[in-house]
Structures are given as structure tokens and as C-alpha cells.
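Take a look at the structure set out below.
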Amino acid sequence: MKKNLILVLLLTQALITFAGGGQETGDKLSGTISIAGSSTVYPISVAVAEEFSKMHPDVSIPVQSTGTGGGFKNFYIPGKTDINDASRPMKDSERVAAEANGIKTIEIQVATDGITVVVNPDADWLDNITVKQLNMIWRADNPAKKWSDVDPSWPNQEIELYGPTAASGTFDYFTEVINGEEGLSRSDYQGTEQDNTIVQAISGSKYAMGYFGMAYYLENKDKVKALKIEGISPSIETAKSGVYKPLARPIFIYVSSKALARPEVVEYVKFYINQTDTNLIKEIGYVPLNTSEKDKMMNKLDTFLGNL
């Protein structure tokens with residue numbers, strides 16, 4: 001009888017801990033966790049916040065899409081934001097600025113993305129594009145103005161270009177792998193941090209092109225057409241296997257050491273990490289981590305917390 005009672009108590013405790021993401025339900029969490037940054041990571045953070053709030057309704061988690069760089073500017077001002085979504089690694093200059101304000105940071109990979117180049121569904125002359133051709137279109141020096149400048153068999157029509165602004169980590173990554181240097185891009189295009197704006201613009205113009213995170217393409221396959229890159233289509237499978245080159249890349253959240261002094265932030269980040277190998281990530285349109293990678297991120301967080 002006594003053994004059975006002990007087993008019941010142990011099982012109950014395990015269920016409580018699981019349901020609370022490590023926080024017992026008796027310890028009621030409250031407060032605000034402010035998140036900003038990458039438009040690519042934005043839908044993941046929103047989804048995780050919604051799931052977390054179901055268990056902890058007194059925790060408010062506003063998430064803003066400001067671009068990775070724009071988010072970091074808020075992040076290293078003490079207390080302005082707690083977590084920055086990032087579609088590229090933190091720059092040394094950003095880390096120095098954070099440390100100057102007494103903020104240490106931890107980088108947590110949350111998924112893998114495949115930047116997707118899209119055109120209008122009526123662009124019937126084009127299904128595949130090479131890195132060289134993308135460079136001809138997006139390079140800073142003497143870029144192609146018309147489709148026929150890239151390939152004489154393509155229409156003699158001006159290319160309408162849409163993409164993220166220079167504050168975006170997607171912009172930084174794309175320009176580095178396509179043009180050879182981070183931030184090196186033609187400037188005569190329509191830049192925005194709202195990826196749905198890019199979808200709307202391209203769906204409305206036969207001669208338009210743009211790029212953004214894969215999730216926005218998978219959500220709008222009926223409105224835009226994704227181009228193969230060097231013959232490889234963007235997909236969860238090709239990004240995961242690594243064959244979708246060179247536009248597959250890791251995406252992250254960065255958490256402030258000052259924010260991790262608060263229990264609601266610690267529990268949220270642990271909960272976030274526990275979602276990174278689940279279908280939630282795949283349903284949004286990105287490649288989940290495997291269990292080993294997730295465990296590595298959790299161990300990284302535990303070590304960071306132990307050193308604070």
C-alpha cells in the first residue's frame with residue numbers, strides 16, 4: 001500500500017512538472033516577456049507564446065516583427081526587450097553594445113530555414129534560377145534592369161524587385177551568399193519587414209521577384225511561385241538534408257541575461273526549446289531540430305543559467 005502511494009505521488013509530480021514546462025503549476029507565473037526581431041522567426045515565437053499562454057495566462061508575451069538588426073538595437077538597451085528573434089548570428093558590434101550595457105546573451109537555435117525566391121505564378125519563362133543569375137539581378141554594381149538582361153530568351157520587361165530591408169537578417173544572409181558580402185545589394189528595390197507585403201506585391205505583378213523565409217511561401221503557395229535554386233526546390237526536406245544550397249540557414253532566438261533573472265522568462269525559454277523538435281516548427285514551415293540538437297540547446301541554457 002505504501003509503495004503504491006509513493007508511485008502515485010511520483011507520477012503526479014512528473015505530470016505537474018511536464019505540464020508546467022519545468023515550473024510547478026502551484027507557482028503561478030506572471031509578468032511580461034517582450035520579444036522583437038526577425039520576421040522569419042516571428043511566426044515561431046508567436047506560436048510558442050500562444051501555447052505557453054494557455055498554461056500561464058497571466059504572462060503577457062507581445063511579439064514584434066522589426067527585422068533582426070532593428071530588434072538587436074532594442075535588445076541591447078537594458079529592459080527594452082527580453083528576447084530577440086534572429087535569422088542570422090549576432091554581430092560582434094551588437095554583442096559589444098550589449099555587454100557595454102551589462103547584458104550577456106545566449107544564442108539558441110530554434111529551427112532551420114530555407115530562404116525562398118518567389119515570382120508571380122504567371123512568370124512562365126522561369127522555374128529555375130542559378131546563383132549567378134540571382135547575383136546578376138541583386139548585385140550592387142551594374143545589376144540587371146530587365147529580365148532579358150539576365151537571359152535573352154526572357155521577357156524584355158523591367159524586373160520589379162521586393163525584399164527585406166537592410167535591418168533584416170534575411171537580407172544579410174541572402175546578400176552574403178548571393179553577392180559575396182553581407183549587406184552588399186542593389187538599393188533600387190522595394191524593402192519591407194512585412195513579408196506578407198512582399199507576397200501581395202508579387203502576386204499582383206507578372207514581372208516581380210522577391211525573397212523571404214520559407215514559411216511565408218508555404219503559407220502562400222496559391223499566390224506566388226517558388227523558384228528552384230540550381231535545380232533544387234525549396235522544401236522542409238531539401239533544407240533539412242542540406243541540398244538546398246546556398247539558401248538553407250539556421251535561425252535563432254537570443255535571450256538577455258537580465259531577462260533570465262525572472263522566472264517567467266526562464267520557463268518560457270525552456271518551453272520554447274522543448275518545442276524545437278516538434279511538429280509545431282514543421283507546421284509553421286521550417287525544419288525542426290532533432291532531439292539531440294534540442295537537448296544540446298537545453299544543456300546550453302542550463303550552463304548559462306548556472307554561470308549567472
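Which label marks the calculated value of Cα extents along the principal axes in Å, given the options (1) 50, 47, 46; (2) 83, 46, 29; (3) 59, 45, 29? Here the calculated entry is (2).
Mean residue ellipticity at 222 nm from the helices of the chain, using -39,500 (n - 2.57) per DSSP H segment of n ≥ 4 over the full residue count, to the nearest 500 deg cm²/dmol?
-12000 deg cm²/dmol
Rounded to the nearest 20 debye, the dipole size of the chain about its Cα centre is 620 debye, using +1 on the Cβ of Lys and Arg and -1 on the Cβ of Asp and Glu. Candidate cross-link partners of LYS132 among the lysines, defined by an alpha-carbon separation under 28 Å and a same-chain spacing of 8 or more, comprise LYS91, LYS145, LYS146, LYS206, LYS221, LYS223, LYS225, LYS228, LYS240, LYS245.
Working out 0.36 nm times the residue gap between ALA100 and LEU184, then minus their Cα-Cα distance, what length gain in nm do you get to one decimal?
Details: separation 84, 0.36 × 84 = 30.24 nm, distance 2.82 nm.
Once the chain is fully extended between ALA100 and LEU184, it gains 27.4 nm.
Each Lys or Arg adds one and each Asp or Glu takes one away; over the other residues whose Cβ falls under 14 Å from the Cβ of SER153, this sums to -3. Computed over the chain, relative contact order equals 24 percent, with contacts defined as Cα pairs under 8 Å that lie 6+ residues apart.
Once you sort the root eigenvalues of the Cα gyration tensor of region 46-145 as a ≥ b ≥ c, which label holds: rounded (a/c under 1.5), prolate (a/b larger than b/c) or oblate (the other case)?
Verdict is oblate for region 46-145.
For LYS145 and ASP302, compute 0.36 nm times the residue count separating them, minus their Cα-Cα distance, and round to one decimal in nm.
51.4 nm
Rounded to the nearest 20, the Cβ-based charge dipole of region 133-278 about its Cα centre (Lys and Arg +1, Asp and Glu -1) stands at 200 debye. Note down the net charge around ILE35, summing +1 for each Lys or Arg and -1 for each Asp or Glu among other residues with Cβ under 13 Å from its Cβ. Taking every other residue near ILE35 into account, the sum is -3. What number comes out for the charge environment of ASN120, summing +1 per Lys or Arg and -1 per Asp or Glu over other residues with Cβ under 12 Å away? Overall, the nearby charge balance is 0. Can you pull out the trypsin sites (Lys or Arg not before Pro) in region 92-188 whose DSSP state is coil and whose Cβ has at most 15 other Cβ atoms within 10 Å? Taking region 92-188 and a limit of 15 other Cβ atoms within 10 Å, the loop trypsin sites (Lys or Arg not before Pro) found are LYS104, LYS145.
Overall form of region 69-112: prolate. Here a/c, set by the Cα gyration tensor axes a ≥ b ≥ c, is 1.5 or more, and a/b is the larger of a/b and b/c. Normalised by the number of residues in region 116-246, the average gap of Cα pairs under 8 Å and 6 or more apart makes the relative contact order 36 percent. Computed about the Cα centre, the dipole magnitude for region 77-154 is approximately 300 debye when only Lys and Arg (+1) and Asp and Glu (-1) carry charge, each at its Cβ. Rg and Dmax over the alpha-carbon atoms of region 161-222 stand at 11.5, 33 Å. Summarising the overall dimensions of region 116-246 from its C-alpha atoms, the Rg and Dmax are 13.5, 37 angstrom. Give, as ranges by residue number, the residues of region 263-298 whose backbone N falls under 20 Å from the point 7 Å along Cα→Cβ of LYS28. Taking a point 7 Å out along Cα→Cβ of LYS28, the residues of region 263-298 whose backbone N falls under 20 Å are 263-268. Within region 210-249, the ratio Rg/Rh, alpha carbon atoms throughout and Rh by Kirkwood, equals 0.93.
The residue among ALA239, TYR217, SER34 whose Cα reaches farthest toward the positive pole of the charge dipole of the chain, with charges on the beta-carbon of Lys, Arg, Asp and Glu, is SER34. Give me the aspartates and glutamates in straight-line cross-link reach of LYS80: C-alpha distance below 16 Å, same-chain residues under 8 apart excluded. Partners within reach: GLU94, GLU99.
Report the calculated FRET efficiency for LYS80 and ASP222 (r = Cβ-Cβ distance, R0 = 30 Å), to the nearest 0.05. Taking R0 as 30 Å, the efficiency between LYS80 and ASP222 is 0.20.
Each reported figure results from applying straightforward, stated rules to the coordinates on display, with no laboratory input. No experiment lies behind these values; they were computed from the predicted model shown. Cβ coordinates were reconstructed from backbone atoms using ideal geometry, including for glycine residues, and neighbour counts include every protein chain displayed.
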